[in-house]
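Single-structure report; data block below.
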Amino acid sequence: MAWDNKREIEKINRDLGGISFQGQGILVTGGAGFLGSWICDVLVAQGAKVICLDNLASGLQSNISHLLDSGRFRFVEHDISDPISFEDRLDLVIHMASRASPFEFEHYPIEILKANTTGLMVSLEIAKKHKARILYTSTSETYGNPQVVPTPESYYGNVNAIGPRGCYDEAKRCGEAYVVAYRKQYGLDTRIARIFNTYGPRIRSDGIYARAIPRFIDQALSGRPITVFGDGTQTRSFTYITDQIEGLLKLAALDEAQGSVVNIGNDKETRIIDMAKMVLDITGSASGITYHPLPEDDPLRRRPDISRARTLLGWEPKVTLQDGLRHTVEWFGSRGG
């Protein structure tokens with residue numbers, strides 16, 4: 001069965017179990033990105049009034065072009081690091097704006113730092129002005145190379161602040177501190193999601209934006225060797241996009257989640273080499289696998305403790321890696337690779 005965006009959006013709405021954002025005014029920063037565009041899709045389908053803000057540095061207008069004619073959707077091209085205000089009523093702000101690929105860290109460290117500090121403060125001020133709740137999408141990278149696996153939200157992290165990943169890891173850690181400070185000082189209704197590796201349709205496979213799964217699929221479909229860093233025994237916990245969006249929106253919606261920090265990720269750990277072989281099997285590709293030096297500070301293991309997500313949100317991932325990869329390959333095929 002070919003990949004179907006409408007079917008995927010309907011699945012998310014079913015899995016949300018009656019949670020509705022209908023009639024709410026919602027600002028999504030980074031809304032033309034991989035995760036942000038899916039959030040916009042679900043919210044518009046539910047009848048929310050969505051303002052999508054993005055400077056298109058790594059987001060793509062093609063991700064949201066199908067929403068532009070909706071009377072409930074407005075796109076604003078703007079860098080959230082620069083102040084902006086809105087007269088529209090806003091009930092919820094979702095701050096997702098940030099470059100996130102490890103290959104971008106070398107080229108855009110200042111922009112990454114600003115998006116998660118200066119830009120986040122702009123979003124926090126907007127939420128404060130409108131008395132809106134705010135969801136900040138942080139990352140598993142706040143844990144660095146964890147010494148505790150599965151990793152709970154209480155783990156402080158093992159992060160190299162001056163290493164090649166420091167611009168992202170420390171920016172997100174600082175961003176979390178900003179969110180907590182606004183909650184303490186102004187009584188803002190805040191929520192922090194620590195997102196683990198997410199994949200699926202719309203994830204970029206080009207140039208410095210490509211992460212492991214989209215890069216492997218693109219290489220396999222084009223017959224090029226799959227490039228694995230290290231020996232491939234390092235692990236990640238891969239979450240399919242529909243599961244991730246369901247978790248994020250439950251965290252944004254539930255009153256009892258106010259003030260929470262929650263891991264949103266798959267608690268099934270997968271070796272990179274095994275995932276690469278899975279991609280080769282699903283695509284039927286004859287591509288070989290080549291091995292390259294492991295990047296500095298590349299985490300050796302990633303696996304979240306999702307006890308809090310299960311208890312607080314009633315959430316856990318449903319899509320297997322095999323099925324999620326198949327859907328992602330179908331999407332790549334539908335766009336010509």
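Taken together, the values in this text are just the output of simple stated rules run on the coordinates, not laboratory data. All of these numbers come straight from a predicted model, not from anything done at the bench. Note that we place each Cβ from the backbone using ideal geometry, even for glycine, and neighbour counts take in every protein chain shown.
By the scheme Lys and Arg +1, Asp and Glu -1, what is the net charge of all other residues having a beta-carbon under 15 Å from that of ASP88?
Details: positive: LYS49, ARG72, ARG74, ARG89, LYS129, LYS131; negative: GLU87, ASP91.
Once positives and negatives cancel, what remains is +4.
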> Roughly speaking, what is the stretch gain from GLU269 to ALA57, that is 0.36 nm per residue apart minus the C-alpha to C-alpha distance, in nm to one decimal?
Replying inline: 73.2 nm
> Going down the list LYS131/LYS268; LYS11/LYS128; LYS172/LYS268; LYS172/LYS277; LYS250/LYS277, which pairs span over 26 Å between their C-alpha atoms?
Replying inline: LYS131/LYS268; LYS11/LYS128; LYS172/LYS277; LYS250/LYS277
> Once a ≥ b ≥ c are taken as the square roots of the eigenvalues of the Cα gyration tensor of the stretch 202-246, is the result rounded (a/c under 1.5), prolate (a/b larger than b/c) or oblate (a/b not larger than b/c)?
Replying inline: oblate
> What nm distance separates the two modelled labels at SER154 and SER334, each placed 7 Å from Cα along Cα→Cβ?
Replying inline: 4.3
>> Using the Cα centre of the stretch 1-156 as origin and beta-carbon charges of +1 (Lys, Arg) and -1 (Asp, Glu), tell me which of HIS78, GLY119, SER154 is placed farthest towards the positive end of the dipole.
In response: SER154
>> Can you classify the stretch 1-114 as rounded, prolate or oblate using the Cα gyration tensor, where a ≥ b ≥ c are the square roots of its eigenvalues, rounded means a/c under 1.5, and otherwise it's prolate if a/b beats b/c and oblate if not?
In response: oblate
> Does the stretch 159-226 classify as rounded, prolate or oblate by the C-alpha gyration tensor (a ≥ b ≥ c root eigenvalues; a/c under 1.5 gives rounded; else a/b over b/c gives prolate, otherwise oblate)?
Replying inline: prolate
> How big, in percent, is the set of alpha carbon pairs in the stretch 1-56 lying more than 13 Å apart?
Replying inline: 61
>> I need the peptides 121-128, 178-185 ranked by packing, meaning the mean over residues of other C-beta atoms within 10 angstrom, with the highest value on top.
In response: 121-128, 178-185
>> Just to be sure I understand: of the beta bridges DSSP finds with both ends in the chain, what percent are antiparallel, rounded to 5?
In response: 5
> Ranked highest first by the average count of other Cβ atoms within 10 Å around their residues, in what order do 265-276, 313-324, 195-206, 6-17 fall?
Replying inline: 195-206, 265-276, 313-324, 6-17
> Among the aspartates and glutamates, which have Cα under 14 Å from the Cα of LYS6 when same-chain residues fewer than 8 positions away are ignored?
Replying inline: ASP41
> Taking the Cβ-Cβ separation of THR233 and GLU125 as r and a Förster radius of 35 Å, what is the calculated FRET efficiency to the nearest 0.05?
Replying inline: 0.20
>> Per DSSP helix of 4 or more residues, -39500 (n - 2.57); summed, then divided by the residues of the chain. What does that give at 222 nm, rounded to the nearest 500?
In response: -11000 deg cm²/dmol
